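Step one of this worksheet: look at the structure below.
The values are calculated or read from the model by the stated rules, or taken from the named source; none is laboratory data. Predicted model, so just to flag it, every value in this text is computed and none were measured. When we count neighbours, we look across all protein chains shown, and the Cβ atoms used for this are built from the backbone with ideal geometry, even at glycine.
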Amino acid sequence: MAVPKKHHTKGSRNQRRMHIFIKSPGVLKCPRCGKPILPHRVCKECGYYKGKMIVDVFAKLDKKEKKKKAKELKESKEQAGKELSMEDLSKK
């Protein structure tokens, strides 16, 4: 049976294991609606991928929800297009 010749301290053990951890996924911003999405995935909010509509998000919604969703998309588009000045950033 193998027996270690010297005592390994907790510090040297932890330094060896320093790089073993779960990395957070790279999250991108959807170019159409601005919501955070994973790369190479269809946006769940607007249904677009690479500038093309893949999933019709509005098809499954009733009239009230369609109106609300369309309003949210319009607002997020306007906010994505606007560049905020230093005064606007300080207000938020």
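Some points to look at:
- Residue in region 14-37 that is in contact with a helix residue (DSSP H, G or I) (Cβ under 6 Å, 6 or more places away or on another chain) and either among the aromatic types (F, W, Y) or part of a loop (DSSP other than H, G, I, E, B) (or both) present: yes
- Of all residues in region 40-92, those being among the aromatic types (F, W, Y) and either at pLDDT below 85 or over 21 Å from the mean Cα position of the chain (by Cα) (or both) number 1.
- Cβ-Cβ distances below 6 Å connect the following pairs, each with a first residue in region 29-55 that is of a type in the set (K, R), a second residue that is surrounded by 13 or more Cβ atoms within 10 Å (Cβ to Cβ), and a separation of six or more residues or different chains: R32/C46; R32/Y48; K35/E45.
- Complete set of residues in region 41-68 that are assigned to a helix (DSSP H, G or I) and closer than 21 Å to L28 by Cβ: V57
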